[in-house]
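Peer 1: Please read through the structure below; I'll follow up with questions.
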Amino acid sequence: MSKINNFFTKIYVFDINPGNDDVTKDVIMGRLSKIIKVIEQNQFVVLVSHSSLKVLRKIVKDAKLKHCYIISDNGARIYNASSGKILWEKPIDETAALSVSRIAATNDLLQLASYKNNELVYSFDQLSAHSFAKMHYINLITTNNFSNYKDQIIKNRIYSFLCFQHNAYDFENIYSNFLTLQDDLNVKLLKISESSFQVFHKDVCKYKSLIKIMKLKNITDFKNVYYYGLNSIDFECYNTFKNHLISIYAYYEAKMVSKNIYTVPYNSILDSLLLTFKKSNINKLKRKNSFKTPDTLIDNVDEKIFNTEEISIDLQ
């Protein structure tokens, strides 16, 4: 068991949709970056996203975060940024991945495939692929050669697909058809916007991966998990972790899953975090728990790496 478990009793979760946007920049170099650096010295921090591990690792590196956990690909991978270990992962079955890519290509969908250490964009229209790539935080590999794209899918374990269609009317029909194939392909679909959806293994979701981290850190009370939907939201997390705040930047995703989700100004989230972790409170915590620096506390040598079949999500 890590020595840090003796002191850290809460998990702060930040749900982000990385891109060339203000929220991503704030995570890296703005007010939130400074706040997260303080939190990770006093409690557990988890960055969670439907984006790939490569994107989130780059963000953690640029933000100079040292001790956080990453949940990528909508829950398909759990990564310890401090130790550099993959703690759990669940790729899409190879047969299903090939079927998804073929059906999406037949319907002229732009595809972003996330695999071990990279992402690959396929579109029959190379201009669309380049335009799509520019919206992302990292440089993406693009191709309009489906045969090359298929070869990469065969060679690599695919953790998620992001599928995009410019024509919203066509998109709804295509999305509906994909939904009917979920069970046959052993996958789950998540609608991201009016023109995009993500595909991942049916056993994968952000909520289940957060439960795994709770078990890893011996945290059994949902009240000790604080969930912040910065510019993305997971409905199961929102419903389960009642200590939550959802930013107005996540409004579109929120209204797609429920009309009853209340969103707040982004700065309200920052102000709430600052109030919680203001210097006087931190000093009290340090005196009470005899905090040492994270570098002396964290010992990841014995940290558990989960097997695919392991872990029940029933904590109560």
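The values are calculated or read from the model by the stated rules, or taken from the named source; none is laboratory data. Please read all numbers here as calculations on a predicted model, not as lab measurements. No Cβ is skipped: glycine too gets one built from the backbone with ideal geometry, and neighbour counts run over all protein chains shown. Side chains included, ligands, DNA and RNA excluded: accessible areas come from the protein's heavy atoms. Shrake-Rupley method; radii C 1.70, N 1.55, O 1.52, S 1.80 Å.
Peer 1: In sequence order, what are the phi-derived ³J(HN,Hα) couplings for the range 259-265 according to the Karplus relation 6.51 cos²θ - 1.76 cosθ + 1.60 with θ = phi - 60°, rounded to whole Hz, with x for glycine and proline?
Peer 2: 3J(HN,Hα) across the range 259-265, in whole Hz: 7, 9, 7, 8, 10, 10, x.
Peer 1: Can you send over the carbon and sulfur percentage of the accessible area for the range 1-149, probe radius 1.4 Å, protein chains only?
Peer 2: For the range 1-149, the apolar C and S fraction of the accessible surface comes to 50 percent.
Peer 1: Can you find, among Leu47, Gly30, Ser72, the residue sitting farthest towards the positive end of the charge dipole of the range 28-76, where Lys and Arg contribute +1 and Asp and Glu -1 at Cβ?
Peer 2: Checked the options; the winner is Gly30.
Peer 1: Something else about it: Using label points projected 7 Å from each Cα along Cα→Cβ, tell me how many nm separate Lys37 and Asp22, to one decimal.
Peer 2: Using points 7 Å along Cα→Cβ, the separation is 2.2 nm.
Peer 1: Calculate the length of the line joining the C-alpha centroid of the range 1-79 to that of the range 158-209, in whole Å.
Peer 2: 25 Å
Peer 1: If you project the alpha carbons of the range 71-220 onto the principal axes, what extent comes out on each, in Å, largest first?
Peer 2: For the range 71-220, the Cα extents along the three principal axes come out at 48, 32, 27 Å.
Peer 1: What pairs from Lys223/Lys255; Lys34/Lys212; Lys155/Lys255; Lys188/Lys215; Lys10/Lys259 go past 32 Å between their alpha carbons?
Peer 2: Lys155/Lys255
Peer 1: Could you tell me what percent of the accessible area of the range 157-221 is made up of carbon and sulfur, with a 1.4 Å probe and every protein chain present?
Peer 2: Roughly 46 percent, rounded to a whole number.
Peer 1: While we're here: Quick one: Karplus J couplings for the range 18-25, per residue in order, coefficients 6.51, -1.76, 1.60, θ = phi - 60°, nearest Hz, x for Gly and Pro?
Peer 2: Taking θ as phi minus 60°, the curve returns x, x, 8, 9, 5, 5, 4, 4 Hz for the range 18-25.
Peer 1: Taking the Cα of Thr95, stepping 7 Å toward and past its beta carbon, and measuring to each backbone N in the range 144-180: which are under 20 Å?
Peer 2: The answer is 150-161, 178-180, whose backbone nitrogens lie closer than 20 Å to the label point.
Peer 1: Give me the accessible area per residue for the range 62-122, probe 1.4 Å, as a whole number in Å².
Peer 2: Spelled out: the 1.4 Å probe surface of the range 62-122, per residue, equals 32 Å².
Peer 1: Provide the packing ranking of 157-163, 80-86, 16-22, i.e. peptides ordered by the mean count of other C-beta atoms within 10 Å per residue, highest first.
Peer 2: 157-163, 16-22, 80-86
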